[in-house]
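S.K.: Next up is a structure, given as structure tokens.
The values are calculated or read from the model by the stated rules, or taken from the named source; none is laboratory data. What you are looking at is a predicted structure, and each value in this text was computed from that prediction instead of being measured. Virtual Cβ from ideal backbone geometry, glycine too; neighbours counted across all protein chains shown.
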Amino acid sequence: MSFDDKKDLKDNTSAAADESKDGKSVLSRRGFIKAAGVVGGAALGSGAITGFPMIWAQNIKNVKLRQFGTGVSNLNAIAEKAKEDLGITLELTALDSDAVAQRVATQPRSFDIADIEYWICKKTFPAGTMQAMDTKRLKNFDKISPLFIDGKLTPDSTIAQGTAPHTVGFVEGKDSTKFAAEPTQWMTLVPTIYNADTLGIRPDLVGRPITNWRDIMDPAFRGKTSILNIPAIGIMDAAMICESMGEIHYADKGNMTREEIDKTIAILMKAKADGQFRAFWKSFDESVNLMSSGEVVIQSMWSPAVAAVRAKGIACKYQPLEEGYRAWGGGIGLAKHLSGLELDAAYEYIDWYLSGWVGAYLNRQGYYSAAPSTSQQYMSADEWGFWIEGKAALGDILSPDGKVMEKAGAVRDGGSYWDRMGAVACWNSVMDENKYMIRKWNEFIAS
Amino acid sequence: MDADAELTGMYSQRVPESDTPPGPARHPHLTRRDTLIRYLTANPSYLQVTPLALVILLFLLFPVLTILIVSFWDYDAYRLIPDLILENYEFLLTSPVTLKAYLKTFFYAATTWAITLVLGFTVAYYLAFHIRSSLLQGMLFVLCTLPFLTSNIIRMISWIPLLGRNGLVNSTLLELKLIDAPIEWLLYSDFAVVLAFVHLYTLFMVVPIFNSMMRIDRNLIEASIDAGASGLQTIFQVVVPLCRSGIAIGSIFVVTLVMGDFITVGIMSGGLSASVGVLIRNEISLLQYPAAAAGAVVLLTTVLIMLGILFRFINIKKEL
């Protein structure tokens, strides 16, 4: 790719930002141009964009790295591409988030690379089974979204509640396990994948505009709503609902006090007794079935589930809400025991992860890439416009495996990357009162 | 390896004096083995019982003991901490959630038991007494077991499109103008849970009852009719008492299966209600193994007590 191409990209993006007239987008434009400029600059000096004829390429060919993580980003396509580009063999294991957390904390030799969410990192990094990464060894470090560096997508974003990634993204020194208040040279996780979650609705069945989290408690939807029965996430959605109802004001939704938990659960129990909920779902496919069968018209949902309902030809909208999104994010980190060639290979792999191909792959699934600017080069202008800039698709939008996900003319729910990630109200987290919360949650389910 | 240890243990307890060999020339190891072999040839029943004893030891006693031990341990988010605390039990036995879950579980167990008993008895009775040709009898019996060739999760999930708000049942009733609005309680309700249980477990009642019925001497039925008993009297005063062991075995199957279930309750109630099994499962998925172990121990005790009561009324061993 030539330098001219870079320039085109830059022009393209500034034009895109110019299109939006409201203040928010103008602000986000500034941040974006900065990122795009960095890409241009980097393209001069490094071969990062053209491929990987790197110094280690010969040595690391036969290295095998064991990576485990939650299902979302443990994608075989990524392992195959890594083999092709770097020669590294990745052995992927998918586990649920609790099991991942336990493995990281208690079986440090069972993995080389941990693919974990930031709230898991908050719990497990202090256990000392992982090593911090030297950001100077990552060529693509400066392309990581500022969301993961200082928590601000744009210079004057407010920082969301919960375990915001940047708060656990750095430690004070090479061997430290104490999270740093400011970005340092030592990073705990390199972000890989993240998204903003909200309520999914059946626009054909709700019969009125949905604008707030509290709409799920509308008596008009009695017996036609659902929330997810995974305590750690369900309680956050519940908090968004209760705060929107004006019943509770939380100091930090990501770390509630016992009193706040009690009040939240009491509201949920009352709603359940009134028959507000049709069902609770635990797995992705359950939420898809509830929505597509019409059992439920409004519920907490994950973005790929919305896509799955739409793929059946059923209208489903990932409704942006006034109070904002509940966001989550994950990253990959290194096991403490890695050293020598394996460590070099791991660095190489992580740098490759940020270099664009993976990012484009994730963007096409409706998630976000941690280094947006690099992934742009691996996406068509139309794809970039649809997934990231929130523009209407010019042609059909295809999923990574080639299926039509959206027809020409479609616009992404919630709009652009900056509209969605700029409106995060809280991040997934784990509370100090976790044990108490889970007991109360069980009480709610059994009530 | 366990077998050797066990047998050596047995041997050394019974004949301790041969542990010290009389002469220096004899190898002590050989002596022990010789005596052991002699002992076993004299009492072959120990050898015969060894495989089963080992299986029970390894796959039943050992796990149950582990669960019992772990139930006294402490835990935090990511670790099990060996300890001896009563907090797990204290919370479990005083929490209103436990009480609710147990009441719910008993309700499911009792309703399912009653319905499967009536259904199972009727089906078995029909097979045993109304079908005369033993070929047809065999074929119908196989037919009963046919659904069991698919996984029980699939059999359960297939109810969902049938019972849903826009499911087959509701749309048929609406079409026939029998109802004005879809019936909501068909799915994600106690009704749905019990329906699925009955569907899944009726066969466990049919088989043992059918088995008992086939052993009933037909002359007894004739005698009862000759003595002037009505059809119902014959059933309740002759057939039912003679089927007691079959009913008891079927009941054990159904009750224990329902008491320990979590998948059926989870799926068919749409996560809206919690049985004891669901609570234990929740704790396991959150890695709270000690709490889950305490829950399992209490559940096991409850089921054992229930079986104890059952055995007081029916002596299965005698009637088999």
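S.K.: How about segment A:289-311: which of its residues are hydrophobic (A, V, I, L, M, F, W, C) and farther than 28 Å from A:Pro165 by Cβ?
M.R.: Once the filter is applied, which keeps residues that are hydrophobic (A, V, I, L, M, F, W, C) and farther than 28 Å from A:Pro165 by Cβ, segment A:289-311 yields A:Leu290, A:Met291, A:Val296, A:Val297, A:Ile298, A:Val309, A:Ala311.
S.K.: Among (1) of a type in the set (A, V, I, L, M, F, W, C); (2) crowded, with 18+ Cβ neighbours inside 10 Å; (3) farther than 22 Å from B:Gly270 by Cα, there is one condition B:Ala109 misses while meeting the rest; what is its number?
M.R.: (3)
S.K.: Now for a different question. What pairs come out if I take residues in segment A:435-447 that are facing chain B (nearest Cβ under 7 Å) and crowded, with 21+ Cβ neighbours inside 10 Å and pair them with residues that are assigned to a helix (DSSP H, G or I) and modelled with pLDDT under 85 whose C-beta lies under 7 Å away, six or more apart or interchain?
M.R.: A:Asn442/B:Asn282
S.K.: Condition first: hydroxyl-bearing (Ser, Thr, Tyr), under 26 Å from A:Leu92 (Cα atoms) and either touching a Leu at 6+ places or on another chain (Cβ under 8 Å) or in a loop (DSSP other than H, G, I, E, B) (or both). Now tell me which residues in segment A:112-162 satisfy that.
M.R.: A:Tyr118, A:Thr129, A:Ser145
S.K.: Continuing with this model, one more query. Restricting to segment A:137-163, what's the tally of residues that are surrounded by fewer than 17 Cβ atoms within 10 Å (Cβ to Cβ) and under 13 Å from A:Val190 (Cα atoms)?
M.R.: Going through segment A:137-163 one residue at a time, the tally reaches 2.
S.K.: All but one of (1) farther than 16 Å from A:Cys426 by Cα; (2) surrounded by fewer than 24 Cβ atoms within 10 Å (Cβ to Cβ) hold for A:Met291; state the number of the condition that does not hold.
M.R.: Only one criterion in (1) farther than 16 Å from A:Cys426 by Cα; (2) surrounded by fewer than 24 Cβ atoms within 10 Å (Cβ to Cβ) is unmet by A:Met291, namely (2).
S.K.: Six or more apart or on different chains, Cβ under 6 Å: which pairs go from a residue in segment B:270-295 that's under 16 Å from B:Thr105 (Cβ atoms) to one that's among the β-branched types (Val, Ile, Thr)? Could you list them?
M.R.: B:Ala274/A:Ile445; B:Ser275/B:Thr105; B:Ser275/B:Val265; B:Val276/B:Thr105; B:Val278/B:Val265; B:Ala292/B:Ile280; B:Ala292/B:Ile284; B:Gly295/B:Ile280
S.K.: Additional query: Of the numbered conditions (1) modelled with pLDDT of 90 or more; (2) part of a loop (DSSP other than H, G, I, E, B), B:Ile56 satisfies every one except a single condition; which is it?
M.R.: Unmet condition: (2).
S.K.: Specify which of the listed residues (B:Ala294, B:Ala248, B:Ala223) is more than 27 Å from B:Leu200 (Cβ to Cβ) and buried (at least 18 other Cβ atoms within 10 Å of the Cβ).
M.R.: Only one candidate passes the filter, namely B:Ala294.
S.K.: Let me spell it out: the conditions are (1) within 14 Å of chain B (Cβ to nearest Cβ); (2) surrounded by 17 or more Cβ atoms within 10 Å (Cβ to Cβ), and A:Gly128 meets all of them except one. Which number is the exception?
M.R.: (2)
S.K.: Further question on the same structure: Of all the residues that make up segment A:267-288, how many are more than 23 Å from A:Cys316 (Cβ to Cβ), at the interface with chain B (Cβ under 10 Å from one of its Cβ atoms) and among the basic types (Lys, Arg)?
M.R.: 1
S.K.: Of everything in segment A:88-111, what is out of contact with any Lys or Arg (no Cβ under 8 Å at 6 or more places or on another chain), closer than 25 Å to A:Lys282 by Cα and either assigned to a helix (DSSP H, G or I) or assigned by TED's automatic domain parsing to the domain that holds A:Ile230 (or both)? Give them in sequence order.
M.R.: A:Ser97, A:Asp98, A:Ala99, A:Val100, A:Gln102, A:Arg103, A:Val104
S.K.: To continue, here is another question. Select from segment B:71-106 the residues that are buried (at least 16 other Cβ atoms within 10 Å of the Cβ), more than 13 Å from chain A (Cβ to nearest Cβ) and in contact (Cβ under 8 Å) with a residue 24 or more places away in the chain and list them in ascending order.
M.R.: B:Ser71, B:Phe72, B:Trp73, B:Tyr89
S.K.: How many residues does segment A:102-116 hold that are within 14 Å of chain B (Cβ to nearest Cβ) and not polar (S, T, N, Q)?
M.R.: The total comes to 6.
S.K.: Being closer than 30 Å to A:Gly69 by Cβ, touching a residue at least 12 places away in the same chain (Cβ under 8 Å) and more than 14 Å from every other protein chain (Cβ to nearest Cβ), is that true of even one residue in segment A:216-227?
M.R.: For segment A:216-227, residues closer than 30 Å to A:Gly69 by Cβ, touching a residue at least 12 places away in the same chain (Cβ under 8 Å) and more than 14 Å from every other protein chain (Cβ to nearest Cβ): absent.
S.K.: Return yes or no: is B:Leu195 under 25 Å from A:Arg222 (Cβ atoms), part of a helix (DSSP H, G or I), within 22 Å of the chain's Cα centre (by Cα) and more than 14 Å from chain A (Cβ to nearest Cβ)?
M.R.: Spelling it out, B:Leu195 is indeed under 25 Å from A:Arg222 (Cβ atoms), part of a helix (DSSP H, G or I), within 22 Å of the chain's Cα centre (by Cα) and more than 14 Å from chain A (Cβ to nearest Cβ).
S.K.: Return the residue satisfying two criteria in turn: it lies in segment A:311-344 and is surrounded by fewer than 18 Cβ atoms within 10 Å (Cβ to Cβ) and among the basic types (Lys, Arg), and of such residues it is nearest to A:Ile227 (Cα to Cα).
M.R.: Looking at residues that are surrounded by fewer than 18 Cβ atoms within 10 Å (Cβ to Cβ) and among the basic types (Lys, Arg), I get A:Lys312.
S.K.: Hey, another quick one. Identify all residues within segment A:289-303 that are more than 14 Å from chain B (Cβ to nearest Cβ) and either farther than 21 Å from A:Val411 by Cα or in contact with a helix residue (DSSP H, G or I) (Cβ under 7 Å, 6 or more places away or on another chain) (or both); write none if there are none.
M.R.: Scanning segment A:289-303 gives A:Ile298, A:Met301, A:Trp302.
S.K.: Quickly run through segment A:413-435 and pick out the residues that are assigned to a helix (DSSP H, G or I), over 15 Å from the mean Cα position of the chain (by Cα) and at pLDDT 90 or above.
M.R.: None - no residue of segment A:413-435 is assigned to a helix (DSSP H, G or I), over 15 Å from the mean Cα position of the chain (by Cα) and at pLDDT 90 or above, so the list stays empty.
S.K.: Restricting attention to segment B:156-179, which residues are more than 17 Å from B:Phe191 (Cβ to Cβ), away from every other protein chain (no Cβ under 13 Å) and in a helix (DSSP H, G or I)?
M.R.: Listed by number, the residues that qualify are B:Thr172, B:Leu174, B:Glu175.
S.K.: Out of segment A:90-120, which residues are hydrophobic (A, V, I, L, M, F, W, C) and more than 22 Å from A:Ala370 (Cβ to Cβ)?
M.R.: If the condition is that a residue be hydrophobic (A, V, I, L, M, F, W, C) and more than 22 Å from A:Ala370 (Cβ to Cβ), then A:Ala99, A:Ala105 are the ones that fit.
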